[in-house]
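Student: One structure is given below, represented as structure tokens, and several questions about it will come after.
Each value in this text was obtained by applying a stated rule to the coordinates, not by laboratory testing. Fair warning: this is a prediction, and the values are worked out from it, not measured in the lab.
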Amino acid sequence: MATPDYSLLDAEILTEIGQKNAHFTGLVAKLEPSAKVFCKENKDEPFRVIDRRLQALRKKGKIGHDSKHGWMLRGANGSYIEHK
């Protein structure tokens, strides 16, 4: 079975986080329709798909999580990119 292409969902996640720091529930509310595409195949809930993609992006060093601010983009040097 081929691995699904999550690049569009990942781009949507990065766009949402790039606009403002995002907490998980807000991301799920906005991205649920996009995540449902991957649920039919795996029989998962959309929030689980989003959580897996967040963790994959975190492991790649593109985002990070802070309990106070939620999910945040990371710069090339690994530091958080702050929103003004």
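Student: Would you pull out the residues with amide H under 5 Å of His69's amide H, same chain only if 5 or more places away, H placed 1.01 Å from N?
Tutor: The list, which skips near neighbours in sequence, is empty: none.
Student: Restricted to Cα positions, what overall size does the chain have along the principal axes? Three whole-Å values, descending.
Tutor: 39, 24, 18
Student: Among the listed pairs Lys20/Lys43; Lys20/Lys62; Lys40/Lys60; Lys30/Lys62; Lys40/Lys62, which are separated by more than 23 Å between their Cα atoms? Don't jump to the answer; show the numbers that get you there.
Tutor: Numbers: Lys20/Lys43 30 Å; Lys20/Lys62 15 Å; Lys40/Lys60 26 Å; Lys30/Lys62 20 Å; Lys40/Lys62 27 Å.
Beyond 23 Å between Cα atoms: Lys20/Lys43; Lys40/Lys60; Lys40/Lys62.
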